[in-house]
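A.B. asks: For reference, the structure I am asking about is given below.
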Amino acid sequence: MELKKIEISDITKYRAPENLTVNPSGTAAAFQVAYADMDKNNYKRDIWLAENDSVRQLTATLSASIVLWTDDTHLLLSRTPDPDKAEGTELFCLDIRGGEAMPYMKLPISISDMKQIEPGFYAVSASFDTADPDAYLDDAETRKKKADKKKEGHEADYQVVDEVPYWHNGAGFINGQRTGLFLVRKDAEGDPEIRRVTPPDFSLDNFIVEGGVVYYTGSTRERRMSLTSRLYCYDPSVNALSTLYDGDDLMIGDLFFWKGSLCLFASDMKEYGLNETGRFCEYHDGVITPLAKPDFSLYNSACSDTGLGGGNGSRVSGDRLITVVTIEDRSAIYAFTDPDHFVPLFDEPGEVAFLDCGKADGSTVYFAYAPWNRPFDVYAMDSDGQNIRRLTKLNDEMLAGRYIAEPVRVDYSSVEQLDDGSSVPVDGHGWILLPKDYDPDRQYPAILDVHGGPRCIYTETFFHEMQLWASAGYVVFFCNVRGSDGRGDAYADIRGKYGFIDYQNLMDFTDACLKVCPNIDVTRMCVTGGSYGGFMTNWIITHTDRFCAAASQRSISNWVSMSFISDIGFYFGPDQCAAPDLYNDTEKLWRHSPLKYADQVKTPTLFIHSDEDYRCPLPEGMQMMQALAVRSIETRMCIFHGENHELSRSGKPLHRVRRLTEITEWFNRHTQK
């Protein structure tokens, strides 16, 4: 039977599980299934349930997201917000035993997280404006008057900024915005009673609820966001707020109670900078004590383009911490019995996106996993990692009869030049996808695809854009160079080395692929990548002309400008370029900037960017594109309005189609000459 090709438009047909959440007793798991709504050019979300190894759909007309379980049979849902309506959160309660989702409570705040303290009483994180921190107390008439006043004063016509970051990718302008901790209680009439716990100048990072007490981290913010956090607790039963740790020396990550102790991940950033792996720590009597440091990341770093939302990365279950880890070239599930002892529960090629299990004993672990030949599905396994079951087949029908290329491993060797003039070997590997109807006697065009991050990984997971190009007749190759995750902090640390060791690795990997697949036509090789991959695409075209075409996506071209305009630039740029003094180390920033070398470019290059990308802002692509255009190098730029840094992963469906069309047609045009 002739296999059909993967098509560009298929990016709008995948269904993706999200927000997998297990009920308190661990007997059932709810999750969302997200899919494109082409009529509205956005996404819908239905609620599904996994119970006794079978799955069923619970909602179809209410596009909603899971908030939490209130007990074993009831879910709180929030309606997917309408950007054209006023801010706020509309909550519904769904009985999994049957019936429609019923209105539960309307909140005048837009919540980002919600945890139950006791039935009808919740701790909530939500954003607010420091200029009007108690607006949530306004009645409907006051809210209308304030809205009318803003319109009359034309406040929507201008923006005032006086702090950093003043914008944030995916959130727009956030100047004066803070995330606060709120308490919400549903009264006898079903109306909410709301109280803000944290002060107006405080910004909340993380919080958990344990034993009726709220534990949280955050920092007071004046002018500039802090990278470190302090640790607090609030007991609502006695209205008591306590500062547990008031140091300013730790970047604190997840909080969790484990074996009766308050635990957390924290890094002092002294050895490997911002990206340093956090240590297992225990809090006791005002002291945070480091216990152990994992050799791998306790989260998923894999890149893919068919998942839309996320979910839990870890869960304390009984006396174990069950967590997603990134290990070498895959994401897996490990169980820690103490901070320096663990066992793998699920460790297969591919990507585990998220998981959940019961807090008591975790007799069943649910997770989302994507192997090389299909997008994510929900799986279940016993708590010892045995009896693995695939519960959903969300995309099997859509992919039936399609050509899906299986990754072929390619090993390569490279070297790293040290500052003292010596060199050390760097060994790595990547993969090749062979094109549909592959004939070893034919010559083929090829595409090198570079991942973002750089502390991310490519793995043997289903990647639509790569499968699309394999179906279109390209050899596609990709790898994890120095700077990638999965092999520890030392391997991931390329501060002050951007464009040097990573570039050498990519060229050596390309050479290795040419040996494994000698029928790649070296005159028809293309290169692309997004974010850090866009930076590397810019770097590659300024240092070699071996590629006949390039597509640089959401890139960095100038570390000096990026450091002063990106939402993370003021700390990320100096850290990654080993240039801690932004004013006196600009030569270091410039040394790692592709724009410095733009006079050497000969490669026809397409630039893809979004005008609301505040991570790698639009001027980064514009500078590089203009540098080529003024030298009459063939170039083109496609700017997506209303999109941000997540265009390729969760942008509007029609924009994702156009993005792939732009890149594919650009490559086709330059490989068919």
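The values are calculated or read from the model by the stated rules, or taken from the named source; none is laboratory data. As the structure is a prediction and not an experimental result, all values here were calculated from the model. Methodologically, a virtual Cβ is constructed for each residue, glycine included, from the backbone with ideal geometry; neighbour enumeration extends over all protein chains shown.
A.B. asks: Going through Asp485, Asp521 one at a time, which residue ends up being of a type in the set (Asp, Glu), crowded, with 24+ Cβ neighbours inside 10 Å and either modelled with pLDDT of 95 or more or more than 28 Å from Lys4 (Cα to Cα) (or both)?
C.D. replies: Only one candidate qualifies: Asp485.
A.B. asks: Another question about this same structure. So, in the range 237-278, of the ones that are of a type in the set (Val, Ile, Thr) and part of a loop (DSSP other than H, G, I, E, B), which residue ends up surrounded by the most Cβ atoms within 10 Å (Cβ to Cβ)?
C.D. replies: Filtering the range 237-278 for residues that are of a type in the set (Val, Ile, Thr) and part of a loop (DSSP other than H, G, I, E, B), the one surrounded by the most Cβ atoms within 10 Å (Cβ to Cβ) comes out as Thr277.
A.B. asks: Can you name the residue in the range 616-640 that is part of a loop (DSSP other than H, G, I, E, B) and either touching a helix residue (DSSP H, G or I) at 6+ places or on another chain (Cβ under 9 Å) or at pLDDT below 95 (or both) and is also surrounded by the most Cβ atoms within 10 Å (Cβ to Cβ) among such residues?
C.D. replies: Filtering first and then ranking leaves Cys616.
A.B. asks: Given the structure, is Asp613 touching a residue at least 12 places away in the same chain (Cβ under 8 Å) and within 16 Å of Gly533 (Cβ to Cβ)?
C.D. replies: The answer is yes for Asp613.
A.B. asks: Quick check on this structure: which one of Asn169, Asn206, Asn175 is of a type outside the set (Lys, Arg) and touching a His at 6+ places or on another chain (Cβ under 7 Å)?
C.D. replies: Asn169
A.B. asks: Could you identify the single residue in Asp382, Asp356, Asp338 that is crowded, with 16+ Cβ neighbours inside 10 Å and of a type in the set (Asp, Glu)?
C.D. replies: After ruling out the rest, the residue left standing is Asp356.
A.B. asks: Here's a follow-up. Quick check on the range 171-187: of everything there that is under 18 Å from Thr89 (Cβ atoms) and not aliphatic (A, V, I, L, M), which residue is nearest to the chain's Cα centre (by Cα)?
C.D. replies: Thr179
A.B. asks: Mind telling me which of the residues Ala156, Ala101, Ala131 ends up being hydrophobic (A, V, I, L, M, F, W, C) and either farther than 30 Å from Ser563 by Cα or touching a strand residue (DSSP E or B) at 6+ places or on another chain (Cβ under 9 Å) (or both)?
C.D. replies: None of the other options fit; the residue is Ala101.
A.B. asks: Restricting the range 212-236 to residues that are assigned to a strand (DSSP E or B), at pLDDT 95 or above and under 24 Å from the mean Cα position of the chain (by Cα), which is farthest from Val161 (Cα to Cα)?
C.D. replies: Tyr216
A.B. asks: In the range 6-43, what residues are of a type in the set (Lys, Arg) and surrounded by fewer than 18 Cβ atoms within 10 Å (Cβ to Cβ)?
C.D. replies: Passing the criteria: Lys13, Lys40.
A.B. asks: Which one of the conditions (1) touching a strand residue (DSSP E or B) at 6+ places or on another chain (Cβ under 8 Å); (2) within 22 Å of Asp338 (Cα to Cα); (3) in contact (Cβ under 8 Å) with a residue 60 or more places away in the chain does Ser301 fail to meet, given that it meets all the rest?
C.D. replies: Answer for Ser301: the failing condition is (2).
A.B. asks: Whether any residue in the range 473-489 is more than 30 Å from Gly401 (Cβ to Cβ), part of a loop (DSSP other than H, G, I, E, B) and among the hydroxyl-bearing types (Ser, Thr, Tyr) is what I want to check.
C.D. replies: Taking every residue of the range 473-489 in turn, at least one turns out to be more than 30 Å from Gly401 (Cβ to Cβ), part of a loop (DSSP other than H, G, I, E, B) and among the hydroxyl-bearing types (Ser, Thr, Tyr).
A.B. asks: Sticking with this one: Quick one: Pro83 ticks every box in (1) of a type outside the set (D, E, K, R); (2) modelled with pLDDT of 95 or more; (3) out of contact with any helix residue (DSSP H, G or I) (no Cβ under 6 Å at 6 or more places or on another chain) bar one, so which box is it?
C.D. replies: Failing condition for Pro83: (2).
A.B. asks: In the list Thr306, Thr326, which residue meets the criterion of being in contact with a Gly (Cβ under 8 Å, 6 or more places away or on another chain) and of a type in the set (Ser, Thr, Tyr)?
C.D. replies: Thr326
A.B. asks: Tell me, please, whether a residue that is modelled with pLDDT of 95 or more, over 25 Å from Glu634 (Cα atoms), part of a helix (DSSP H, G or I) and over 25 Å from the mean Cα position of the chain (by Cα) can be found in the range 534-544.
C.D. replies: No, the range 534-544 contains no residue that is modelled with pLDDT of 95 or more, over 25 Å from Glu634 (Cα atoms), part of a helix (DSSP H, G or I) and over 25 Å from the mean Cα position of the chain (by Cα).
A.B. asks: Moving to a separate point now. Of all residues in the range 453-480, which are in contact with a His (Cβ under 9 Å, 6 or more places away or on another chain) and touching a residue at least 60 places away in the same chain (Cβ under 8 Å)?
C.D. replies: Those that are in contact with a His (Cβ under 9 Å, 6 or more places away or on another chain) and touching a residue at least 60 places away in the same chain (Cβ under 8 Å): Ile457, Tyr458, Cys479, Asn480.
A.B. asks: Could you check how many residues of the range 152-196 are within 21 Å of Arg230 (Cα to Cα) and either in a strand (DSSP E or B) or free of Cβ contacts under 8 Å to residues at least 60 places away in the same chain (or both)?
C.D. replies: Final tally of qualifying residues: 10.
A.B. asks: Touching a Lys or Arg at 6+ places or on another chain (Cβ under 9 Å) and either surrounded by 18 or more Cβ atoms within 10 Å (Cβ to Cβ) or modelled with pLDDT of 95 or more (or both) - does that describe any residue in the range 282-291?
C.D. replies: Checked the range 282-291: at least one residue is touching a Lys or Arg at 6+ places or on another chain (Cβ under 9 Å) and either surrounded by 18 or more Cβ atoms within 10 Å (Cβ to Cβ) or modelled with pLDDT of 95 or more (or both).
A.B. asks: Then there is this: Scan the range 563-613 residue by residue and report those that are more than 22 Å from Ala627 (Cβ to Cβ), under 25 Å from the mean Cα position of the chain (by Cα) and in a loop (DSSP other than H, G, I, E, B).
C.D. replies: Asp567, Ile568, Ala578, Glu612
A.B. asks: Which one is surrounded by the most Cβ atoms within 10 Å (Cβ to Cβ), of the residues in the range 545-558 that are more than 20 Å from Met466 (Cα to Cα) and within 25 Å of the chain's Cα centre (by Cα)?
C.D. replies: Restricting to residues being more than 20 Å from Met466 (Cα to Cα) and within 25 Å of the chain's Cα centre (by Cα), the top hit is Ile556.
A.B. asks: In addition: Go over the candidates Ile8, Ile66, Ile111 one by one and state the one that is in contact with a strand residue (DSSP E or B) (Cβ under 9 Å, 6 or more places away or on another chain), of a type in the set (A, V, I, L, M) and more than 15 Å from Val378 (Cβ to Cβ).
C.D. replies: Answer to the selection: Ile111.
A.B. asks: State whether one or more residues within the range 126-145 are touching a Phe, Trp or Tyr at 6+ places or on another chain (Cβ under 6 Å), aliphatic (A, V, I, L, M) and surrounded by 11 or more Cβ atoms within 10 Å (Cβ to Cβ).
C.D. replies: yes
A.B. asks: Which one is nearest to the chain's Cα centre (by Cα), of the residues in the range 281-338 that are closer than 25 Å to Arg482 by Cα and of a type in the set (D, E, K, R)?
C.D. replies: Asp305
A.B. asks: One residue is enough: does the range 545-564 have a residue meeting the conditions farther than 27 Å from Ser610 by Cα and touching a Phe, Trp or Tyr at 6+ places or on another chain (Cβ under 9 Å)?
C.D. replies: For the range 545-564, residues farther than 27 Å from Ser610 by Cα and touching a Phe, Trp or Tyr at 6+ places or on another chain (Cβ under 9 Å): absent.
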